[in-house]
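Undergrad: Here you go, one structure.
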Ligand SMILES: Cc1cc2nc3c(=O)[nH]c(=O)nc-3n(C[C@H](O)[C@H](O)[C@H](O)COP(=O)(O)OP(=O)(O)OC[C@H]3O[C@@H](n4cnc5c(N)ncnc54)[C@H](O)[C@@H]3O)c2cc1C
């Protein structure tokens with residue numbers, strides 16, 4: 001069990017209150033979709049940590065999966081998703097995802113998202129690894145940007161949505177067993193209580209816990225840590241997806257080379273030019289991400305190199321320029337032309353399959369709290385996410401969470417107007433009294449390095465990277481036990497560090513529990529999938545971790561066939 005204090009703040013500052021019907025923490029695809037839906041029924045406030053459109057959603061490249069082709073079917077999309085999920089995807093969640101996708105794509109297009117088309121009636125559909133048909137709806141290689149821009153414009157124009165940029169949510173507030181909002185820091189560094197009838201966490205994933213990542217630096221799992229401290233159940237935290245092909249820029253940041261580059265015929269080679277994936281897996285470059293990632297790791301180990309090459313040079317320059325304009329432009333800025341030169345790439349953290357456990361309407365185990373997008377664990381992705389199912393999950397389940405939160409807010413309205421409103425006024429004062437000061441909390445302020453991001457990244461890569469073992473995980477857990485899980489209210493970066501350290505502990509804790517290899521979780525001491533682990537590991541503050549049997553049938557065990 002991961003021991004954590006109830007609040008990240010060493011003491012809760014006195015803070016003025018503002019009220020809203022539905023509060024959404026996060027302004028990526030999930031948060032904005034939830035906000036737009038909730039705003040049909042309620043006043044909505046959306047918090048964004050940075051300036052819009054800063055989010056992983058805006059960086060998404062490849063596209064959105066939807067079974068739209070005559071040769072494709074929802075059944076095939078479901079089957080592909082279940083295979084990638086390696087037995088842990090919830091079939092009802094997957095069915096909701098897949099069946100709602102085609103109408104959603106048409107709706108987004110009608111709202112102005114300029115998806116590419118073959119002709120007036122048909123979207124141009126791309127192919128990506130793990131998909132048995134062409135089904136990736138896209139806007140060049142900047143799909144996330146096009147979708148996010150549209151959602152932001154709609155939210156900005158909506159009379160019932162208030163968008164607050166540069167706000168850091170730190171701790172959920174509760175009253176009488178119900179989440180009633182959040183304590184957040186405004187851009188001037190002043191604290192405010194935002195009280196809401198329903199709160200939706202849509203704060204994204206945690207890829208930036210690792211050094212080389214495709215994610216935005218803010219993707220540190222802060223919302224997940226917040227939910228855990230408040231007592232929400234988290235599931236599947238051990239499942240981290242590493243994207244096989246990330247280019248390290250001269251500044252040392254990760255720049256993702258989309259799956260579609262392999263879908264269109266890109267070949268992985270060792271630095272000596274040898275193609276290695278067919279010998280590793282019959283699906284070669286189009287195998288699921290975890291398999292390609294381990295194939296690349298094996299090739300890197302065999303050659304003693306820190307990268308492999310993604311070769312597009314045999315493809316026509318017209319195809320490369322047409323499909324990957326953003327990638328071409330970015331790599332040329334780095335002095336590399338992908339039309340003529342293979343791209344050095346390595347696996348990097350990309351996506352968190354686990355998160356705050358929800359039902360199909362985004363409700364968490366805590367009354368008043370919902371979650372959507374990468375921060376949530378709806379059960380769609382199981383042990384491994386299929387490419388281009390994530391933006392889709394944000395849209396489908398963001399909408400569901402927004403609707404359900406607004407409905408719950410309406411139901412709670414009477415109570416709030418009477419007893420709870422008065423109670424909420426007192427929440428900060430009450431919680432202040434209950435919260436021990438830093439000196440009284442034994443597990444806090446043990447360790448806080450100045451360059452904590454690099455230090456944390458080193459621990460995570462060593463212990464909970466693509467290749468794990470019990471010994472390394474234990475070493476990681478010990479190292480993380482020294483990290484502070486609290487910070488002073490004046491110390492914004494310290495709050496971030498403490499949240500990041502807690503999310504890191506939850507990932508390592510989940511990985512230690514799962515004594516098998518499945519999907520995005522590979523342990524060299526338990527290299528096989530085990531029937532006893534056809535289940536989800538659930539972690540909740542103050543409770544021993546427990547296991548919930550998966551409702552999905554045992555998978556076609558493709559993921560380890562060639563390992
Ligand atoms: C480079 C890249 C390419 C990708 N390509 C694809 C693709 O082609 N197709 C696909 O389906 N998926 C893709 N993904 C995955 C997908 O983009 C993400 O999983 C998805 O966008 C997550 O959306 P979200 O709304 O949950 O979170 P995000 O879009 O990450 O948004 C999180 C929001 O929460 C806010 N936030 C975080 N912490 C706090 C806090 N403490 N207080 C207040 N606000 C906070 C952030 O500011 C941000 O507004 C890609 C991801 C990356 C990184």
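The values are calculated or read from the model by the stated rules, or taken from the named source; none is laboratory data. Quantities reported herein were computed from a predicted structural model and do not represent experimental measurements. So basically every Cβ, Gly included, is an ideal-geometry build from the backbone, and we count neighbours across all protein chains shown.
Undergrad: Return a yes/no flag: does the range 104-119 have any residue that is surrounded by fewer than 21 Cβ atoms within 10 Å (Cβ to Cβ) and within 26 Å of residue 364 (Cα to Cα).
TA: Yes, some residue in the range 104-119 is surrounded by fewer than 21 Cβ atoms within 10 Å (Cβ to Cβ) and within 26 Å of residue 364 (Cα to Cα).
Undergrad: Out of (1) within 22 Å of residue 401 (Cα to Cα); (2) surrounded by fewer than 23 Cβ atoms within 10 Å (Cβ to Cβ); (3) more than 15 Å from the ligand (Cβ to nearest atom); (4) at pLDDT 95 or above, the odd one out for residue 163 is which?
TA: It fails just one condition, (3).
Undergrad: Examine the range 318-327 for a residue that is within 16 Å of the ligand (Cβ to nearest atom) and without any contact (Cβ under 8 Å) to a residue 60 or more places away in the chain, and state whether such a residue exists.
TA: No, because not a single residue in the range 318-327 is within 16 Å of the ligand (Cβ to nearest atom) and without any contact (Cβ under 8 Å) to a residue 60 or more places away in the chain.
Undergrad: Count, please, the residues in the range 488-526 that happen to be out of contact with any helix residue (DSSP H, G or I) (no Cβ under 8 Å at 6 or more places or on another chain), in a helix (DSSP H, G or I) and over 26 Å from residue 187 (Cα atoms).
TA: Result for the range 488-526: 2.
Undergrad: Residue 332 - would you say it is modelled with pLDDT under 95, part of a helix (DSSP H, G or I) and either more than 16 Å from the ligand (Cβ to nearest atom) or crowded, with 19+ Cβ neighbours inside 10 Å (or both)?
TA: no
Undergrad: Just to check your reading of the model, which residue among 386, 366, 391, 395 is more than 19 Å from residue 28 (Cα to Cα), within 13 Å of the ligand (Cβ to nearest atom) and either touching a residue at least 60 places away in the same chain (Cβ under 8 Å) or crowded, with 24+ Cβ neighbours inside 10 Å (or both)?
TA: Criteria check complete, one pass: 386.
Undergrad: Please determine whether any residue of the range 46-69 is more than 15 Å from the ligand (Cβ to nearest atom) and either surrounded by fewer than 21 Cβ atoms within 10 Å (Cβ to Cβ) or outside any loop (DSSP other than H, G, I, E, B) (or both).
TA: The answer is yes; a qualifying residue exists.
Undergrad: Right, here's the next one. Could you check the range 71-92 and list, in sequence order, the residues that are out of contact with any strand residue (DSSP E or B) (no Cβ under 9 Å at 6 or more places or on another chain), under 23 Å from residue 124 (Cβ atoms) and assigned to a loop (DSSP other than H, G, I, E, B)?
TA: Correct list: 71, 73.
Undergrad: I'd like to verify a number: residues in the range 455-487 that are part of a loop (DSSP other than H, G, I, E, B), farther than 17 Å from residue 352 by Cβ and out of contact with any helix residue (DSSP H, G or I) (no Cβ under 6 Å at 6 or more places or on another chain), how many?
TA: Residues in the range 455-487 being part of a loop (DSSP other than H, G, I, E, B), farther than 17 Å from residue 352 by Cβ and out of contact with any helix residue (DSSP H, G or I) (no Cβ under 6 Å at 6 or more places or on another chain): 3 in total.
To keep it simple, each residue is scored yes or no on (1) surrounded by fewer than 19 Cβ atoms within 10 Å (Cβ to Cβ); (2) more than 27 Å from residue 138 (Cα to Cα); (3) within 28 Å of the chain's Cα centre (by Cα).
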| position | (1), (2), (3) |
| --- | --- |
| 273 | yes, yes, no |
| 283 | yes, no, yes |
| 290 | no, no, yes |
| 297 | no, yes, yes |
| 307 | no, yes, yes |
| 318 | yes, no, no |
| 325 | yes, no, yes |
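Undergrad: Please go through the range 250-265 and pick out each residue that is near the ligand (Cβ under 10 Å from one of its atoms) and touching a strand residue (DSSP E or B) at 6+ places or on another chain (Cβ under 7 Å).
TA: 254, 255, 256, 257, 260
Undergrad: Taking the range 184-210 as the search range and keeping residues that are near the ligand (Cβ under 9 Å from one of its atoms) and farther than 22 Å from residue 354 by Cα, which one is surrounded by the fewest Cβ atoms within 10 Å (Cβ to Cβ)?
TA: Selected residue: 185.
Undergrad: Let me ask something additional. Select from the range 1-41 the residues that are assigned to a strand (DSSP E or B), more than 16 Å from the ligand (Cβ to nearest atom) and buried (at least 21 other Cβ atoms within 10 Å of the Cβ) and list them in ascending order.
TA: Across the range 1-41, the qualifying residue is only 21.
Undergrad: Give just the number: which of (1) within 30 Å of residue 532 (Cβ to Cβ); (2) at pLDDT below 95 does residue 71 not satisfy?
TA: Only one criterion is unmet by residue 71, namely (1).
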